[in-house]
Structure formats: C-alpha cells, structure tokens
Amino acid sequence: AHSWDLVSLTLARKFHVFAADARGHGDSEHPRDAEMNPSQMAEDMRELIRAWGIDRPILMAHSMGGIMSMYLLTRNPNLVERVVFVDVGPEVSPEGGQRIREFVSQNREFDSMEQFIQNVRQYDPFRSEEHIRRTARYNLLQRHDGKFATKHTNRSDSPRTAPRPTFEEVMRIG
C-alpha cells in the first residue's frame, strides 16, 4: 500500500483514500496454507470493499493489484464506479513480461541496501535514487542474518504467473 503514499496525498484533497496490502505483499500476512491465485485475491479485494462499507468506489490499481482488479471486475462489473489501471493491462508483450519476471525472480535477497538500489537503477534507469530508496524502506525487510529480502511471497500460484482476463473481458467492465 505504501506504493500509493505520494499519490494518496494529492488524491486525498478531493477523495477519501483507502490503500491496502494484498495478501503476501507488503506488510500483510504471508499466507501459509491459503491460496494466492488471482481469483482468491480478487475475492479478498471484494470483501475488503464490502467490509469498509464503500459503495461503488473509484478503484486505482497498479501491477499485480491491476491483475487482481481485472479478475474482480470481470466477475463483478458493477462493483466500482470507475477503474484506473496503472502500468498493467490484459495484454503484455512477451518480452516485457519476461523482463519483469526475470527481475523479480533474480532480486529476492541482497547483501546490502546499496545492492538493491544498484539493481533497480540498472533495471529502471529513469527512477531517481531518492524514489528507489523510499521504495526500499517499504518493500524490503532486514533479516536476522543481516541480509535484505523483498516482502512479497514467492509462490507458484501468484497472480503474476496466472493467465489474465482477455482484452474483450476487460472492455466489458462497467
């Protein structure tokens, strides 16, 4: 949810902003025996909207959250007033998807924060070091052995590895 901190400051001038970590991401509980497939994570999102008592919210979703939102809204198309997908869509170029998967799979633990920052700068040279450092504070944890590790769960049933709803399905939302 911290990925939305800076955006939320601006949006909060006009909207009531909610941000939550998906299961197995950020500071949420990492599931031990529960499923992490997109359908189940979409159901988490639907239940969160219901529990918070939000009627037809405007939903903004980035990356994996966007994939979960596509699953949610292709099955519940009238749940939200509007949806904004950021940096994600129903179709991804094979090369781009492979580049993201390789970066994520090869960047799970680090000897130092500086190693993480260097890896991200090589992957995305357009991000400022200040932005990368801020992101690192919320997306890494330091283990008892001194190494840094990402906070997201690495599981084979992750939404990143599942097929996405089709372009035609997403176009029918709302």
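Among all positions in region 38-55, there is at least one residue which is more than 20 Å from PHE167 (Cβ to Cβ), among the aliphatic types (A, V, I, L, M) and loosely packed, with under 11 Cβ neighbours inside 10 Å. Within region 27-56, the set of residues being in contact with a Phe, Trp or Tyr (Cβ under 7 Å, 6 or more places away or on another chain) and modelled with pLDDT under 90 comprises PRO38, SER39.
When you scan region 58-67, do you find a residue that is open to solvent by 70 Å² or more (accessible area, probe 1.4 Å), modelled with pLDDT under 85 and within 12 Å of the chain's Cα centre (by Cα), even just one? No, region 58-67 has no match at all.
Within region 85-94, does at least one residue satisfy the condition of being within 14 Å of the chain's Cα centre (by Cα) and of a type in the set (Asp, Glu)?
Restricting attention to region 85-94, the residues satisfying the condition of being within 14 Å of the chain's Cα centre (by Cα) are 85-89.
Checking the rest, the ones that are also of a type in the set (Asp, Glu) come to 87.
Yes: region 85-94 contains one or more residues that are within 14 Å of the chain's Cα centre (by Cα) and of a type in the set (Asp, Glu).
Test ASP157 against the stated conditions and say whether it is among the acidic types (Asp, Glu), under 20 Å from the mean Cα position of the chain (by Cα), modelled with pLDDT of 90 or more and over 19 Å from ALA61 (Cβ atoms). Can you show your working first?
Values: among the acidic types (Asp, Glu): yes; under 20 Å from the mean Cα position of the chain (by Cα): yes; modelled with pLDDT of 90 or more: no; over 19 Å from ALA61 (Cβ atoms): yes.
No; evaluated as a whole, the condition is false for this residue.
Taking the criterion of being part of a loop (DSSP other than H, G, I, E, B) and under 27 Å from PRO31 (Cβ atoms), the residues of region 113-155 that qualify are ARG143, HIS144, ASP145, GLY146, LYS147, LYS151, HIS152, THR153, ASN154, ARG155. Of all residues in region 1-15, those that are at pLDDT below 95 have Cβ atoms under 6 Å from Cβ atoms of residues that are in a helix (DSSP H, G or I) and open to solvent by 60 Å² or more (accessible area, probe 1.4 Å), 6 or more apart or on another chain, in HIS2/TYR138. SER28 passes every criterion in (1) open to solvent by 30 Å² or more (accessible area, probe 1.4 Å); (2) within 16 Å of the chain's Cα centre (by Cα); (3) of a type in the set (S, T, N, Q) apart from (1).
Condition check ((1) of a type outside the set (Ser, Thr, Tyr); (2) open to solvent by 50 Å² or more (accessible area, probe 1.4 Å); (3) closer than 24 Å to GLU47 by Cβ) across all residues:
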position	(1), (2), (3)
GLN106	yes, yes, no
ASP111	yes, yes, no
ARG121	yes, yes, no
ILE132	yes, no, no
LYS151	yes, no, yes
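Looking only at residues in region 32-67 that are assigned to a loop (DSSP other than H, G, I, E, B) and of a type in the set (Asp, Glu), the one that is nearest to VAL17 (Cα to Cα) is ASP55.
Quick check: anything in region 69-76 open to solvent by 30 Å² or more (accessible area, probe 1.4 Å), free of Cβ contacts under 8 Å to residues at least 24 places away in the same chain, part of a helix (DSSP H, G or I) and of a type in the set (S, T, N, Q)?
Filtering region 69-76 for residues open to solvent by 30 Å² or more (accessible area, probe 1.4 Å) gives 74-76.
Checking which are free of Cβ contacts under 8 Å to residues at least 24 places away in the same chain leaves us with none.
No; the residues of region 69-76 include none that is open to solvent by 30 Å² or more (accessible area, probe 1.4 Å), free of Cβ contacts under 8 Å to residues at least 24 places away in the same chain, part of a helix (DSSP H, G or I) and of a type in the set (S, T, N, Q).
The values are calculated or read from the model by the stated rules, or taken from the named source; none is laboratory data. Note that this is a predicted model, so its numbers are computed, not measured. Virtual Cβ from ideal backbone geometry, glycine too; neighbours counted across all protein chains shown. Surface accessibility is based on the protein's heavy atoms, side chains included, excluding ligands, DNA and RNA. Shrake-Rupley method; radii C 1.70, N 1.55, O 1.52, S 1.80 Å.
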